[in-house]
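Each value in this text was obtained by applying a stated rule to the coordinates, not by laboratory testing. None of the values given here were measured: they were computed from a predicted structure. When we count neighbours, we look across all protein chains shown, and the Cβ atoms used for this are built from the backbone with ideal geometry, even at glycine.
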Amino acid sequence: MTLHVVQFSGGIGSFCAALRVHKAHGPENMVLLIADTGIEDPDLWRFAEDTSRYLDVPLSIVRDGRTPWELFRDKRFLGNDRITPCTKYLKQIPCRKWMKENADPADTVGYIGIENTKKDKARIPAIEHNWAPWRIEFPLCAKGEPWRTKDELLDEARAAGIEPPRMYAEGFAHNNCGGTCVRAGMKQWRHTLEVLPERFAYAEAQEAELRAMLGDVSILRQRRKGVAYNLPLSELRRQHELTKTA
Ligand code: SF4
C-alpha cells in the first residue's frame, strides 16, 4: 500500500493539503510528519493535535534537539533573511532521516501544502529536486484547485471544527517559529515587537549574544542610498520607538 506522507508544518497550507490527502486516500496509510524546532508557538501544537484527532492520523514528530539559536551558535553563523541553516538542520535533515527509515521511495508520495500563488508555485521545482528520490505532490496547486485566499483556507479548518492557529489572528502570515523566523522581513519583525514583545526581546538578546561571538552580523539588513547595512534587532527597536514618539 502506498504511504502518503504530508509534510505538516502546523501552518494552514499544510492543514488544507492534509485534508485533501485524507479525502483521497483515508487515514490508514497517511502520515503527518512534523519537525519540532523548539521555538514554535505553543498553539501550533494545539492545532497539530486537533488536526491529528480530526483526521485520525497520529503526529510523527521529528526533532534535531536544538533550537535555531543553539544551532546558530554551534555553526557559528547567524541565520538571516537570505540564508537559513535552521531550515536545513532542524527541518529538512530530520524529516529526510524519517523518510529514509520509514518510507520506501518506490511506494511513497510526499505532500507539501504550498499555496496556489505565483510566488509559492515558483518554489515547486526546487522542492521536488530537494526531495528526490521521493515523489512530491502539491495538493493546493493540483489541476482544478482554485486559488483561495488565506481566509478561505482558515475557513476550511473552522468548517472542520478546528480553531486555526492563533498566530494568523495575531496578524502573522505564517505560523512558524513563534513569530521569530529569521527569514521574515523587517515588517514582520516590527509586528512581532508590537504584538509579542517578550518574544522580540528574547530574539534580540539571542542576536546580541551571537554578535558578541561573531562580530557585526544581523538577521536583518537595511538599505540606505542603495547600500545594504546590517540592522540588529536592537536598532530596529530603537528606530521603531523613535517613529512612535515622533
Ligand atoms: S521557520 Fe524560520 S527560523 Fe524557523 S527553522 Fe524555518 S527558517 Fe529557521
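Rounded to the nearest whole Hz, the Karplus-based 3J(HN,Hα) values (6.51 cos²θ - 1.76 cosθ + 1.60, θ = phi - 60°) of the stretch 153-166 follow the sequence 5, 4, 5, 5, 5, 4, 4, 8, x, 10, 6, x, x, 5, with x at glycine and proline. In angstrom, the C-alpha Rg and Dmax of the chain are 19.0, 64. The modelled label-to-label distance for the pair residue 83/residue 245, using points 7 Å beyond Cα in the direction of Cβ, is 3.7 nm.
Note on residue 159 and residue 195: the model spin-label points, each 7 Å out from Cα along the C-beta direction, lie 2.4 nm apart. Taking θ as phi - 60° and the Karplus parameters 6.51, -1.76 and 1.60, the scalar couplings of the stretch 226-231 work out to x, 10, 8, 10, 5, 10 Hz in sequence order, x denoting glycine and proline. For the stretch 7-13, putting each phi into the Karplus relation 6.51 cos²θ - 1.76 cosθ + 1.60 with θ = phi - 60° gives couplings of 6, 9, 8, x, x, 6, x Hz, in residue order, rounded to whole numbers and with x for Gly and Pro. Here residue 186 and residue 126 are evaluated by their C-beta separation; at R0 = 30 Å the FRET efficiency comes out at 0.75.
Here 86, 141 are placed in order of increasing Cβ neighbour count within 10 Å, fewest first, which gives 141, 86. What does a probe at residue 106 reach in the stretch 2-25, counting residues whose amide N is under 16 Å from the point 7 Å along Cα→Cβ? Within reach of a label on residue 106, which here means backbone N under 16 Å from a point 7 Å along Cα→Cβ, the stretch 2-25 contributes 2-3.
With a point put 7 Å past each Cα toward its Cβ, work out how far residue 54 is from residue 92 in nm, to one decimal. Result: 3.0 nm between the two label points.
The stretch 200-228 and the stretch 28-55 have Cα centres spaced 31 Å apart. In a fully extended conformation the segment linking residue 118 and residue 170 would gain 16.2 nm over its present Cα-Cα distance, using 0.36 nm per residue. In this calculation the C-beta distance from residue 61 to residue 212 is compared with R0 = 45 Å, giving a FRET efficiency of 0.85.
For the pair residue 205 and residue 70 in one chain, pulling the backbone fully straight at 0.36 nm per residue adds 47.3 nm over the alpha carbon distance.
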